[in-house]
Structures are given as C-alpha cells and as structure tokens.
Amino acid sequence: MLHFSVQEAQLSSSEIWESKRPLGDAPAIATESEISGRTKAALASPLDFPALSDAVVPGDRVALAVDPNVPSIDKVVAGVLSAIRNTEAGEIDVVLWDEANSQTIDSIKAAAPGCQVVIHQCDSRAELSYLAADAAADPIYLNRHLVEADLVLPIIAVRSGDQSESDVTGIFPMLTDSATRHRAIKQCIDGEPARQMQTGNRIDKEIPWVLGVQLVCAVRVNDEGHFHDVIAGTIESIERQVAQIAPPTQADLVIASLDGNPQQQTWDNVLRALRTATRIADSDATIVLWTELSTAPDGLLLAIDQDSFDEESAQAESDEAAGLDQDGLPTWNRFGAYARLIRPLLQNHRVLLYSRLDSEDVERMGLGVIDSVSQLATLSRGFSSCGIVRSAGYTV
C-alpha cells in the first residue's frame, strides 16, 4: 500500500504546502469490522432524506452503482446490503465501474452473496438501456440494470475539488455508453461544459435526476487514502461535503500521490491526479506523479509524444482499431481514451512519473522518470515553491 511521506521525502523548496481535506469532527478511525455498521447507520439517518427503510417499497428491484475506488469497499457494500435486506426489497444488482481490478471484484462478490455483480460494459448494446437524448439529439444509454431498477443507490468516494465540474453520483459518464463517453472526452478536451439537455441544465447533473436517484451513500477519504467516515443523503447534501483544494498559492513544483490500496494504482487515477495537479500548478510548472502504477501503457498512449498525434486522428484511429458493434457503438478503447485526455495536459508542464513501469515505456509517452525519494529531494531544491496533493486519485 502506497503512503507518501513529506518528511521522508526531505523536500527542500523554500515554500512547501500540503493540501488537507477539511473533514471536520468525525468518529475515530473505523476498524474494518466497524465500517459495515457505520454504513448501515448512515442509511438509517440520511441527510435531508428519510431512512432507507422508508424509501423502499416491497418488491423493489435495487441497483447499487458502485465506485470501485471506495476504500474498504467490500465492507461498505456489506453494510449497504444489510440495510437493504432489512426492508422488503426484491432483487439486488451491484454494478461496478469498469476500472475495478480483479481483487476489488472478488472482494465485492464475497460481500454480496445472492446478488448479481456486474462490471459495466459501455460498448455492449445488450447491457445498455436508453435513458434520454441530449440537446443535439444524441441518445444516452446507461447500464440496463440501473434503468430497470426501482431504486438506484450510488456508492461513491467523495472527491475533493470543484463539485460543479462533475456528477457527484459517478453515474455520468462512468456508467453510460461508449459513444456518450467519447463525446464527454471531446467536451473535456475542448473545455466545454457537459452537453445541455432541452431544459438547459448540464447533462451530467440531469442524468441522475432523470434516472430518479434520490439517495447517495458516500465515503469520505482521508489524506492517506483510507476510509474516514460514511454519510448518506440527497445529491445536494453530498455535494456540500465536497472539500475544496485551495492552495495558498500556485506552485512551480506539484507532487500528486496515489496513496491507498492497489485499486488506486490505475491509469484512471493517474489521470485524475494529473488533472488536479495542472489546476494548482504555475504555468510551466513541473509535476511529479508518485504512484505504484504497474499496468503498462499500450496503443495510443505510447504515441502521445509524437508530433503527428492530434485529437481527431487519435479518435479516428481509436474507432477504426476498435470497430463498431452491430448497433453502431464504438468499442471502448481504454488506452485511446487515456491518450486523448492526458496529451493536452502535457503541453504546458513537464511531468515526471514514479511507478513500477519500464522506464522506456514511460519515456515514450513524453514523461520523465523519477526512481527514488532521494532523487525527488534533489529535484525539489531547484524550485522555490512546492505543493503536495495526497490521495490525488480522490480528486476531480
């Protein structure tokens, strides 16, 4: 388990600040055996919403929309299921974001006996159901288990940052179809807000409303990437729990670490960390991503440093390589998506990566390699200010 220590790194910049999540007063750190009980208790007294037992109608089909990055996710899921099984609910489906690793999947299956555990497949038409159309009349599909459910309960990690930039339930775009996810990537690259629906509201905010999400189970995470506490409530009440990352000043060296268990060591979380780092870095700043990433880059991700790379050709190549299924959905090319989102972030910053990857692969991406704490300490001497973001995968 990765734990980045500022003291052990012996950083030497003249000004050093470290972001802290203002989590407020909370119970003592929960043991693994206590987490399920706390989760069940949170659902018995949600913020701005009746108890879960009052929201479930006998026979209701329930779908849990699960962020696999939640620390101690198996214990949290067990607590949610205990609360649901105290009602007269019917079938329960557990739908996981597709970034879940095998260890996380196995732990959730063990915690959810009698439930169908589904890994979202955004490019499988058979696993999707139509929900709505955006302002351009493009259809939006969601995982069919969510659309068919009577009650959808997201289980998410509360991510520090600007909640106005994302759907706090995690449903959009993580549990949408591949075409919608491609459109979301392009809008992110172009700096556009999510496409508006006919009402004029942002679609990422509208999707949970159209789906009928009323209650969210959210885990707040500490700076070490561990479970801090769990709260339940309406979307609006959970949004109020989002901690802002507000550095005292922009830094010319930013270190973003992926503290936490192996589920945190993914390209998805590297991207989250990098996006956060660029927002709090000076122009031309150096960014260090401190990880234990071991999944080797592939495909377009290895081509992002090439002069010939551009967004349109990358999208075309990704679609051509992936192909379309019989219903016209582009097969989801994960490394192509990473490439399209990461490349623009590298244009103004030098980025160094500490990881378990082969140095040649890292350098092919246009990233520098940093391989020790002592090397990081030496690097820091060349910068007047240094900002540190811990557990940066839990940011937006």
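The values are calculated or read from the model by the stated rules, or taken from the named source; none is laboratory data. Here the structure is a predicted model, which means the values were calculated and not measured. Backbone-built Cβ (ideal geometry, glycine too); neighbour counts: all protein chains shown. Side chains are part of the model used for accessible areas, which takes the heavy atoms of the whole protein and leaves out ligands, DNA and RNA. Shrake-Rupley method; radii C 1.70, N 1.55, O 1.52, S 1.80 Å.
Quick notes on this one:
- For Glu15, nonlocal amide neighbours, meaning residues 5 or more places apart or on other chains whose placed amide H falls under 5 Å from its own, are Ser385, Cys386.
- Neighbour net charge for Val362 - beta-carbon separation under 12 angstrom, K R +1, D E -1: -4
- Calculated over the chain: convex hull of Cα atoms, volume per residue (Å³): 138
- The mean accessible area for residues of the chain, using a 1.4 Å probe and ignoring ligands and nucleic acids, is 41 Å² per residue.
- Semi-axes of the equivalent ellipsoid of the stretch 47-151 are 24, 19, 12 Å, computed as sqrt(5λ) over the eigenvalues of the C-alpha gyration tensor in descending order.
- Table column - 3J(HN,Hα) (Hz), the stretch 77-89, Karplus curve with 6.51, -1.76, 1.60, x for Gly and Pro: 4, 4, x, 4, 5, 4, 5, 5, 6, 7, 9, 9, 4
- Amide hydrogen neighbours beyond the local backbone of Leu352, cut-off 5 Å, H modeled: Ile287, Val288, Leu289, Gly368
- Loop-located chymotrypsin sites (Phe, Trp or Tyr not before Pro) in the stretch 78-174 whose Cβ has at most 12 other Cβ within 10 Å (DSSP): none
- Order by protection proxy (mean Cβ within 10 Å, highest first), peptides 383-396, 29-42, 206-219, 54-67: 383-396, 206-219, 54-67, 29-42
- Here the accessible area is traced with a 1.4 Å probe on the protein chains. For the stretch 38-137, carbon and sulfur cover 49 percent of it.
- Counting only DSSP H runs of at least 4 residues, each contributing -39500 (n - 2.57), and dividing by the residue count of the chain, the helix-based mean residue ellipticity at 222 nm comes to -8500 deg cm²/dmol.
- Accessible area per residue was computed with a 1.4 Å probe on protein heavy atoms; Phe49 scores about 50 Å².
- Considering only beta bridges that DSSP places wholly inside the chain, some 25 percent are antiparallel.
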